[in-house]
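Enquirer: Here's a structure for you.
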Amino acid sequence: MITRSLSDDDGPTPADLAAIQNEWPLIEAEMDLVAAEIAILCADRPLTELDWRRLRRAEQRVSREFVAFYGAAEIERRAA
């Protein structure tokens, strides 16, 4: 985790940007999941199999990206 003082207003450091870039696939997958959830919650029509498939695929992508970013050791630690 990167900590910064409140007086530091020069913007992100190269290390900050590298950390964001490394985590970006997971962030993007989570945004897709939220978009799929919003589409289901706000649907003004009966939900289709495609809607549910989009949600399942988004969930699976978040899981894959989580494992890729944190690794299996973190998953085992969180499960304990």
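What follows is calculated from the coordinates using simple rules that are stated; it is not laboratory data. Owing to the predicted nature of the structure, the values given are computational and were not obtained by experimental measurement. Please note: Cβ atoms are built from the backbone with ideal geometry, for glycine as well, and neighbour counts cover all protein chains shown.
Enquirer: With axes computed from alpha carbons, what is the tilt in degrees of helix 14-41 against the longest principal axis of the chain, rounded to the nearest 10 within 0 to 90?
Expert: Helix 14-41 sits at roughly 20 degrees to that axis.
Enquirer: From the Cα gyration tensor of the chain, with a ≥ b ≥ c the square roots of its eigenvalues, which class applies: rounded if a/c is under 1.5, or else prolate if a/b is larger than b/c, or else oblate?
Expert: Taking the square roots of the gyration eigenvalues as a ≥ b ≥ c, the chain is oblate.
Enquirer: Just add up the charged neighbours of residue 59: K/R +1, D/E -1, any other residue whose Cβ is under 15 Å from the Cβ of residue 59.
Expert: For residues surrounding residue 59, the net value is 0.
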